[in-house]
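*Asks:* Take this structure, written in structure tokens, and hold onto it; I'll ask about it next.
Read-outs: derived from the displayed coordinates by stated rules, not from any lab. It should be emphasised that the depicted structure is a prediction, and the values quoted were computed from it without experimental measurement. Because the Cβ atoms are built from the backbone with ideal geometry, glycine has one as well, and the counts that use them run over all protein chains shown.
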Ligand SMILES: [Zn+2]
Ligand SMILES: [Zn+2]
């Protein structure tokens with residue numbers, strides 16, 4: 001199916017859920033696929049929802065929590081075993097690049113052995129990607145709670161987590177990734193067509209109160225916990241009477 005689409009491969013949050021993958025999204029621009037985040041279960045979900053590994057041109061990772069990155073080596077292996085010949089570009093938060101390069105070699109996923117070029121790129125807050133779409137990365141405060149440990153144990157972590165603003169053929173889409181709180185995302189809500197926002201760290205009542213103040217086409221709430229938690233959010237959305245908020249589901253595909 002050609003056209004431009006955004007598909008949720010996994011709607012689960014940090015706690016894996018039966019039958020659902022963790023964070024992973026496919027941005028399809030005509031024939032070209034971009035994977036955004038690659039948490040547990042994403043490689044298999046990618047196949048389950050009918051995507052071809054040979055159409056993936058690049059992967060962006062928002063931050064290095066396992067529910068956003070743990071499936072990445074397997075995803076690269078899948079692309080390799082599917083017969084990829086074209087280069088694959090991986091974009092990682094700058095702090096993660098040396099560790100990831102060591103990690104994949106420890107997994108015998110040797111870049112030197114692959115029959116395609118694996119480009120491991122680093123990016124930071126403010127980075128702008130321009131290709132068949134535009135992507136801008138905004139650093140957020142999701143990881144700032146680790147600061148005391150990083151300081152105490154003199155760890156190299158730089159607490160890099162990013163939200164992505166994506167523009168495709170005149171449509172705009174914001175993917176919050178994990179945030180510290182609603183304030184992290186509020187300043188970036190500027191009339192986008194679609195906002196994919198994670199529920200885990202959101203004060204949902206504060207969010208719902210804010211929704212009428214800004215003209216957003218459609219909110220999709222993702223990074224969802226247990227069925228009971230999802231039901232609770234569904235009730236809050238229904239009670240609000242707001243029509244532009246919906247809950248994510250694995251496989252939800254939105255035409256852009
Ligand atoms: Zn997460
Ligand atoms: Zn996280």
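*Asks:* If you average the sequence gap of Cα pairs under 8 Å that are 6 or more apart and divide by the length of region 38-98, what percent do you get for the contact order?
*Replies:* Averaging sequence separation for qualifying contacts and normalising by length gives 46 percent for region 38-98.
*Asks:* At a Förster radius of 30 Å, what calculated FRET efficiency corresponds to the Cβ-Cβ distance of residue 242 and residue 97, to the nearest 0.05?
*Replies:* Once rounded, the FRET efficiency stands at 0.15.
*Asks:* Okay, moving on. Treat the count of other C-beta atoms within 10 Å as a stand-in for reagent exposure and order 168, 211, 195 from fewest to most. Please report the intermediate quantities before stating the final value.
*Replies:* Details: 168 21, 211 16, 195 26.
Result, fewest neighbours first: 211, 168, 195.
*Asks:* Here's something else I'd like to know. If each of residue 114 and residue 193 carries a label point 7 Å out from its Cα toward its Cβ, how far apart are those two points in nm?
*Replies:* If labels sit at residue 114 and residue 193, their model points lie 3.1 nm apart.
*Asks:* Rank the residues 63, 201, 68 as a footprinting-exposure proxy: fewest other Cβ atoms within 10 Å of their Cβ go first. Please report the intermediate quantities before stating the final value.
*Replies:* Values: 63 23, 201 18, 68 26.
Ordered by Cβ neighbours within 10 Å, fewest first: 201, 63, 68.
*Asks:* Report the antiparallel proportion of the DSSP beta bridges in the chain as a percent, rounded to a multiple of 5.
*Replies:* Values: 31 of 56 bridges.
Rounded to the nearest five, the antiparallel share is 55 percent.
*Asks:* Which of rounded, prolate or oblate describes region 96-161 when judged by the alpha-carbon gyration tensor and an a/c cut-off of 1.5? Intermediate values should be presented prior to the final figure.
*Replies:* Numbers: a/c = 3.99, a/b = 1.23, b/c = 3.23.
The shape class here is oblate.
*Asks:* For 194, 210, 153, what ranking results if the residue with the fewest other Cβ atoms within 10 Å of its Cβ goes first?
*Replies:* Lowest to highest Cβ neighbour count: 153, 210, 194.
*Asks:* Please work out how much length the chain gains when fully extended from residue 229 to residue 200, using 0.36 nm per residue of separation minus the C-alpha to C-alpha distance, in nm with one decimal.
*Replies:* 9.4 nm
*Asks:* Separation between the residue 150 and residue 211 pseudo-spin-labels, each 7 Å from Cα along Cα→Cβ, expressed in nm?
*Replies:* The modelled label-to-label distance comes out at 3.3 nm.
*Asks:* Next question, about the same structure. Given an 8 Å cut-off on Cα distances and at least 6 residues of separation, report the relative contact order of region 4-255 as a percent.
*Replies:* Numbers: 517 pairs, mean separation 44.8, N = 252.
Over region 4-255, the number comes to 18 percent.
*Asks:* Taking the highest mean first, how do the peptides 70-81, 229-240, 104-115 order by number of other beta carbon atoms within 10 angstrom per residue?
*Replies:* 70-81, 229-240, 104-115
*Asks:* In addition: Give me the distance between the Cα centres of region 201-256 and region 156-175, rounded to whole Å.
*Replies:* If we compute the Cα centre of each part, the gap is 19 Å.
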